[in-house]
Amino acid sequence: MPNSIFDIEQMSIKRGWMDDTSEKHAYKCFPITQANVVGWSLFCLEDIVFVWDGINDQTPDHMQILNPSDSHAGRGQSSVSLDTGLIFRTDRDVSLWMINPVNYFNEDFETISNVISTSFYDNPLPLAIKAKKANVDTRIKAGTPVATIIPISLTNLNHSVINLVEYSDLKNLRRQASIDYGKAAQEINKSGKFTDWYKKAVNEKNESIGGHEVNTLRLHVTGSIKNGESK
């Protein structure tokens with residue numbers, strides 16, 4: 001949408017805390033790296049700056065917003081509401097689920113999750129950030145992911161059931177398999193190497209045990225909003 005100061009792109013696999021692990025070990029965990037890239041990153045092209053005085057109530061009186069100028073504190077409760085300027089349109093059986101950016105850990109703020117029925121909602125996607133530190137300038141630098149957007153079908157999710165069962169016939173067999181798997185993995189890890197068994201969907205004998213839905217998730221954006229101009 002023209003003049004929006006927000007933009008979107010696929011979530012990055014990179015995380016600062018993962019870079020800081022020994023030999024970047026965290027990137028060897030396929031479930032984590034796969035979770036990192038699910039959804040689109042929503043980020044602001046300008047710094048977001050605010051100060052909360054530490055008081056929680058329903059009034060906007062306890063939040064000073066320094067940037068962006070069109071944001072507001074009307075929700076109260078130590079939150080900042082931002083105008084993303086981005087309007088989404090989906091099929092009726094698809095909604096947009098907005099959550100705090102996955103595997104980003106921040107002591108200063110957290111994005112409030114919401115689900116929007118974007119098949120009919122024709123206003124800009126709402127974004128609310130909750131302050132976590134009082135009486136300090138909280139600055140979210142331009143380009144920092146402030147939310148992850150994930151399309152979700154509530155229609156397909158509705159009436160889903162998780163069945164809890166006792167699998168006594170398989171318990172001993174599964175227990176022994178877990179012991180064998182753990183011993184083999186420990187030996188490999190002691191040598192400073194990594195198994196990659198889960199990523200390859202194999203067991204400790206390198207036998208195929210299934211497959212992932214998607215090994216490499218690729219999401220796309222056609223066009224973008226940069227510096228107030230639609231491209």
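The values are calculated or read from the model by the stated rules, or taken from the named source; none is laboratory data. Being a predicted model, the structure only gives us computed values, none of them experimental. Reconstructed Cβ throughout: ideal geometry from the backbone, glycine too, with neighbour counts over all protein chains shown.
Some notes on this structure:
Matching residues to (1) out of contact with any Leu (no Cβ under 6 Å at 6 or more places or on another chain); (2) outside any loop (DSSP other than H, G, I, E, B); (3) under 28 Å from Ile13 (Cβ atoms); (4) at pLDDT 95 or above:
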residue: Ser69; (1), (2), (3), (4): yes, no, no, no
residue: Ser81; (1), (2), (3), (4): yes, yes, no, yes
residue: Arg92; (1), (2), (3), (4): yes, no, no, yes
residue: Trp97; (1), (2), (3), (4): yes, yes, yes, yes
residue: Pro101; (1), (2), (3), (4): yes, no, yes, yes
residue: Asn106; (1), (2), (3), (4): yes, no, yes, no
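- Each residue in region 111-122 was checked for being part of a strand (DSSP E or B) and either touching a helix residue (DSSP H, G or I) at 6+ places or on another chain (Cβ under 6 Å) or surrounded by fewer than 18 Cβ atoms within 10 Å (Cβ to Cβ) (or both), and 3 pass.
So that you can scan it fast, the table gives a plain yes or no per residue for (1) at pLDDT below 90; (2) surrounded by 10 or more Cβ atoms within 10 Å (Cβ to Cβ); (3) assigned to a strand (DSSP E or B):
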site: Gly143; (1), (2), (3): no, yes, no
site: Ile149; (1), (2), (3): no, yes, yes
site: Glu166; (1), (2), (3): yes, no, no
site: Arg174; (1), (2), (3): yes, yes, no
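- Of residues in region 81-110 being aliphatic (A, V, I, L, M) and out of contact with any helix residue (DSSP H, G or I) (no Cβ under 9 Å at 6 or more places or on another chain), the one surrounded by the fewest Cβ atoms within 10 Å (Cβ to Cβ): Ile87
- Counted residues, region 58-80 - those being touching a Ser or Thr at 6+ places or on another chain (Cβ under 8 Å) and either surrounded by fewer than 19 Cβ atoms within 10 Å (Cβ to Cβ) or among the acidic types (Asp, Glu) (or both): 5
- Among the residues of region 52-89, the one identified as of a type in the set (Lys, Arg) and within 22 Å of the chain's Cα centre (by Cα) is Arg89.
- Residues (assigned to a loop (DSSP other than H, G, I, E, B) and within 12 Å of the chain's Cα centre (by Cα)) located in region 15-51: Arg15, Val37, Val38, Gly39
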